[in-house]
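Written out below as structure tokens is the structure these notes cover.
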Amino acid sequence: MGKSMMSCKDMSELISLAQDQRLSIRQKMMLRMHLFFCEACSRFDKQIRFLNRAMENYVQNHSSGDDTKKSLPEDAKERIRRALDEEGHK
């Protein structure tokens, strides 16, 4: 595999990263191209986006009325990402 081609594992990490921060133009282009050709990574991308929206909706709908933004601890997020990554590559 050439240096410009990234593996599905690399792409799944990039998909997860995109949920937390903005990707560079190069990263976005590489990701879009990979998702166009790879059904498994496209499915993983949809799943991670769905889970992210579900968590945001849950927090909004179950807020205790205070302005404190609730979030999963980072270790919990990482465990979820790893589990989704493993599931997406089966």
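Laboratory data are not the source of any read-out in this text; all were calculated from the coordinates shown. In this text, all values refer to a predicted model and were calculated from it rather than measured experimentally. Note that each Cβ is placed from the backbone with ideal geometry, even for glycine, and that neighbours are counted across all protein chains shown.
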Open item on the list: I want to check a number: in the range 8-88, how many lysine pairs have alpha carbons closer than 17 Å, given a sequence separation of 8 or more or different chains?
Closed with: 5
Task: Electrostatic dipole magnitude of the range 8-88 [Cβ: Lys, Arg +1; Asp, Glu -1; Cα centre; debye, to 20] - done: 320
- [ ] Indicate the gyration tensor shape class of the range 8-88 (rounded, prolate or oblate), computed on the Cα atoms with a ≥ b ≥ c the square roots of the eigenvalues: a/c under 1.5 is rounded; otherwise a/b larger than b/c is prolate and the rest oblate.
- [x] prolate
TODO: Any chance you could run the full-extension gain for ASP20 through LYS77? It's 0.36 nm times the residue separation minus the Cα-Cα distance, nm to one decimal.
DONE: 19.5 nm
